[in-house]
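The values are calculated or read from the model by the stated rules, or taken from the named source; none is laboratory data. Not measured: the values here are computed from a predicted model. Cβ placement follows ideal geometry from the backbone for every residue including glycine, while neighbour counts extend to all protein chains displayed. Heavy atoms of the whole protein, side chains included, go into the accessibility calculation; ligands, DNA and RNA do not. Shrake-Rupley method; radii C 1.70, N 1.55, O 1.52, S 1.80 Å.
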Amino acid sequence: MNTHPHAPTGPLAGIKVVDLSKILAGPYATMSLADLGAEVIKVEHPEGGDPTRSWGPPKLGDDATYYLAINRGKSSVTIDLKSEEGQEAVHHMLAEADVLVENFRPGSGLQQVFDYRKLSERYPHLVILHISAFGDHGPLRDEPGYDMIAQAAGGLMSLTGEPGGAPVKAGFAMGDLGASLFGIIGLLAALYERSRTGLGQYVTTSLYECQLALHVNWATNYFANGKRPGPLGSGHPNLVPYQAYPASDGHFVIAVGNDSLWQRLCAVIERPDLAADPELATNSGRVVNRERLNAELEKTLCTASVQHWCDLFSSRGVPASPIRSLDEVYAHPHTAALDMLQTVEHPVIGGLKQVAFPVNFRGQRPQVTLAPPELGADNETILPSHVIRQPHASATT
């Protein structure tokens, strides 16, 4: 199963992963494992492969940029998982694998074919990560599982947007990505447990469960007072001022996390009246008087530019930032200093820019060394020859 053109390095070097997942949550998890040095084989259907390959435009070469964003570092084989030959090929890989990642719909035929109980009996060392939309139990088990559904059903959209406005989803796919990150945590914990016991584990999570886990203070606020929370725009339910404010030429954010910073803010904007107001002296008072305080701040802040205020606040130690668009983020010297943008050579596209893994080890960021694979690119080197000869297992692009 050693298919990497580059010898894997990193904390997970030597770990072998079979990826039967598709779309975002599972593939993002397996890409992260690849970034950490694991060897990952992505198993795709021969007819079109992972659906995200066609989620465009934009496209580069034959694949949508969506696919290219979440599948680097892997090999690709094409297998019809519903065929006996395809299932045999997967078992051939699982015999040497450490990890299986899948997001089969609960109760589906494929979940039954690759039942974790049977797999655990046959491969007791195997760590299986199963990601679903709502979990394998409960009344919502069979609901469709796209990120938008999770954001709506799990409460995020009820908290996002302006007060009184239409519901808004988060700009990032926080339903899928939250499940991916929690899934990685569970998977790595299971690998650590295996190092002690020699036994694998069945790890499950869902988009819905992870949305609830990310509620944090929103949940405890509700448990404490029983009041249904709603959207606050860019505001914070427990801190004021902690949101976006208008300047003369745009918006920027201020984040005041304690009372001393509040006093410093008042001094910077030359508003001693606000600093002396007893109703605003503590954060609890500022939360209660949120609307009045924000109106006063806006009267002052709209008199100068975003750059003026951000430079002034920075020089005085008040947390503030312009609201940067993605092009500004990618061009920023701090992004470059952190080596967060890397380029990998793709056989069709050429140089392909990627956002790198956001964790350093011994001060070094894992390097992107293997481009997202073309569909079925590794059939010849990974699959048994009799499987490759099957018409359903031929690579199509």
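Structural remarks
- Prolate/oblate/rounded label for segment 1-84 (Cα gyration tensor, a/c 1.5): oblate
- Percent accessible area from carbon and sulfur atoms, the chain, protein chains only, probe 1.4 Å: 56
- Computed over neighbours whose Cβ is under 12 Å from that of Gly10, the net charge equals 0, Lys and Arg +1, Asp and Glu -1.
- Solvent exposure of the chain as accessible area per residue, Å², 1.4 Å probe: 50
- Using C-alpha pairs below 8 Å separated by at least 6 residues, the relative contact order for segment 171-289 is 16 percent.
- Surface listing: Asp147, Asp339 arranged by accessible area from highest to lowest gives Asp339, Asp147, probe 1.4 Å.
- Taking the chain and dividing mean pair separation by its residue count, relative contact order in percent (alpha carbons under 8 Å, at least six apart): 18
- The solvent-accessible area of Ile79, taken with every protein chain present and a 1.4 Å probe, is close to 0 Å².
- Proximity of backbone amide H atoms, modeled 1.01 Å from N, is registered between Ala377 and Ser76 at under 5 Å, excluding neighbours fewer than 5 places apart on the same chain.
- Cα-based shape type of segment 133-192, given that a ≥ b ≥ c are square roots of the gyration tensor eigenvalues and the cut on a/c is 1.5: oblate
- Glu88 accessible area, 1.4 Å probe, all protein chains in place, Å² to nearest 10: 100
- 14 Å beta-carbon shell around Ala150, net charge (K/R +1, D/E -1): -2
- In this calculation the C-beta distance from Asn221 to Glu291 is compared with R0 = 30 Å, giving a FRET efficiency of 0.95.
- Among the listed pairs Lys22/Lys353; Lys227/Lys299; Lys16/Lys118; Lys74/Lys169; Lys59/Lys118, those whose Cα-Cα separation exceeds 28 Å are Lys227/Lys299; Lys74/Lys169; Lys59/Lys118.
- Which of Thr303, Thr65 is most accessible, then next, and so on - probe 1.4 Å: Thr303, Thr65
- Potential extension, Asp62-Ser234 segment - 0.36 nm per residue separation minus Cα distance: 58.1 nm
- Rounded, prolate or oblate (a/c below 1.5 giving rounded, otherwise prolate when a/b exceeds b/c) for segment 199-333 by Cα gyration tensor: oblate
- For q = 0.11, 0.12 Å⁻¹, Debye-computed log10 I/I(0) when each Cα of segment 24-162 counts as one equal scatterer: -0.48, -0.58
- Net length gained if the chain between Lys353 and Arg316 were fully extended (0.36 nm per residue, minus Cα distance): 9.6 nm
- Normalised by 2.2 N^0.38 Å, where N counts its residues, the alpha-carbon radius of gyration of segment 288-397 equals 1.89.
- Surface calculation, 1.4 Å probe, protein heavy atoms: Asp142 sits at approximately 100 Å² accessible.
- Segment 98-201: chymotrypsin sites (Phe, Trp or Tyr not before Pro) in DSSP loop, at most 14 other beta carbons within 10 Å: Phe172
- Whole-number percent relative contact order across segment 19-162, with pairs defined as alpha carbons under 8 Å at least 6 apart: 20
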